[in-house]
Amino acid sequence: MSAETLGRTTRLELDDQALREWEAVVLDAGPDGIVLDRSAFYPGGGGQPPDHGVLLWQGVQTRIAGVRKGDDLVLIPAEGDPLPPAGIVVRGAVENERRTALMRTHSGLHLLCGVVFRDYGCLVTGGNMEPLSARMDFDLREVPPGFKQAVEDACNAEVDADRRIDTRTLPRAEAFEIPDIIRTATNLVPPEVQDVRIVDIVGLDTQADGGTHVGSTKQIGRITVAKVENKGRGFRRLRIKIAE
Ligand SMILES: [Zn+2]
């Protein structure tokens, strides 16, 4: 287990993706935001939007409407909510419904990426997600007949296969010996990053990734390929939906 930190904050959500509640000390609180010593709020990144949630302290609730990554991990309070004073202990809670939906969606995108690479050999060029809906862009010259349905069926076969989704952290040199990592992330991981977090849909897709994921493909749920859009020379955008 690595204790990942951002500025003065220990990030709890990367080692324990199921964690939704914890205690923390307020290091700073002001109009710019709140900094805790420990946080499980996913700050956003890799296409996964930040968490929402609350801080509870002395009978008061501070709603957290977003997170900003800077020198510190800064929690953005909802407008008008009271701020906890620095030095006190608060109880943090991540909004479960949104986070769990984002974890399922993020894992669903990795599954899609693995299926399209395995079956069509094409690389991802971009992507984005909201809870239970997402898009992913691929470099695919020709769209074969029946592509949309074939991708959807292959994705759901992988959901049914209930593959394990593992996360681990490797030293940079070791991580980049995994051939799949080079295809997806060599140019995305900044040179100063020494430890690379790996998300592995075992037997299907291995990527360097800093997001939060469900523990197995069955937990993603049914995947629908809603649309295949042609955005010009080899640029195909797939829109997917994840079942409620
Ligand atoms: Zn990812």
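Values in this text are rule-based calculations from the coordinates and carry no lab data. None of the values given here were measured: they were computed from a predicted structure. We place every Cβ from the backbone using ideal geometry, glycine too, and count neighbours over all the protein chains shown.
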Diffusion coefficient, µm² s⁻¹, Stokes-Einstein with Kirkwood Rh over alpha-carbon pairs of the stretch 82-141 at 20 °C and 1.002 mPa s: 152 µm²/s
Alpha-carbon gyration tensor eigenvalues x 5, square-rooted, for the chain, Å: 35, 19, 16
Largest to smallest principal axis extent of the C-alpha atoms in the stretch 1-83, angstrom: 35, 24, 21
Equivalent ellipsoid semi-axes, the stretch 99-243, via Cα gyration tensor eigenvalues times 5, rooted, Å: 24, 18, 13
Calculated from backbone phi, Karplus (6.51, -1.76, 1.60) coupling profile of the stretch 239-244 in Hz, x at Gly/Pro: 9, 10, 10, 10, 4, 3
Label-point separation, ASN128 to ILE88 (7 Å along Cα→Cβ), nm: 3.9 nm
Alpha-carbon centroid distance for the pair the stretch 203-244 / the stretch 44-93, whole angstrom: 29 Å
Ranked list, fewest to most other Cβ atoms within 10 Å of each Cβ, for CYS113, CYS122: CYS122, CYS113
In the chain, lysine pairs closer than 29 Å at Cα, eight or more apart or cross-chain: 9
The chain: relative contact order as a whole-number percent, Cα under 8 Å and 6+ apart: 19 percent
